[in-house]
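Below you'll find the structure, written out as structure tokens, and then a few comments.
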Amino acid sequence: MKYDPNRNAKVIIPLALAAWLGGMVVFREGVPVVFEVVYVAAFAIAVPVVVFYLIGEAGWRALAKRYRASVLFAGTWTLCPTGQMAMVSVDHPEFPKVKMRFVGGSLRVATTADALHLTTMVSGLPVLRWFFPTLQIPWAAVSKAHAFEAPGWFRPASEPGTLLQVAYDPNYTGKFIEMEVRDPPVFIQLPAEILGEGVLRLPGLATEEIRK
């Protein structure tokens, strides 16, 4: 799966046009009420499905094609206060627009000697598990990693005419680790402390880089 900066627009714009045209056809005088009810119900279902699809396209679905967990993890999961995933690195100019951010413990993390395990609070639900199945990513699949300091709650205005842009996330501070998982390239950013001894298994990551 290749990174496409126009991916969201290619899905949202046709959906919006279809909804607009469908509304013009259905909500006309003389159209039976049953068609209006069906249209509203279909719209109410389509919107969250598209939202979850677009979120999954930020990297989770690509990882699931290769690293979907085949057996239930029996160890202890740790709630991750903030985690991120994207098809581009945190240093890429498009990262703020295309990243998927998990907050409030919606992401759970576990590490073993062989793999990094990821799951979400919706991974066990019958329909949503299709979008976010539990992942088991071997450490050997991580091609490189580096540490960075998360910027914190606020970031300066980055677009002309914007007076203030606020990124409110009190847990997005301190030392984070970005891991690049190959085939396909997906970038995962997690707090260093939540990885525990797993950081020692990451390629290109010096111990001094974690401590300083």
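Counting Lys and Arg as +1 and Asp and Glu as -1, each charge on the Cβ, what is the dipole of region 72-151 about the Cα centre in debye, to the nearest 20? Please list the in-between numbers first.
On the way: 6 positive and 4 negative charges, 42 e Å.
I would put it at about 200 debye.
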Here, N171 and V25, labelled 7 Å along Cα→Cβ, have an inter-label distance in nm of 4.4
Per the rule of 0.36 nm per residue minus the C-alpha distance, extending S70 to V122 adds in nm 17.0 nm
1/(1 + (r/R0)^6) with r = Cβ-Cβ of T112 and V40, R0 = 41 Å, i.e. FRET efficiency to nearest 0.05, evaluates to 0.30
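FYI, it's all coordinate maths here, none of it is from the lab. The structure presented is a predicted model; accordingly, all values stated were derived computationally and were not measured. Note: ideal-geometry Cβ built from the backbone for every residue, glycine included; neighbour counts use all protein chains shown.
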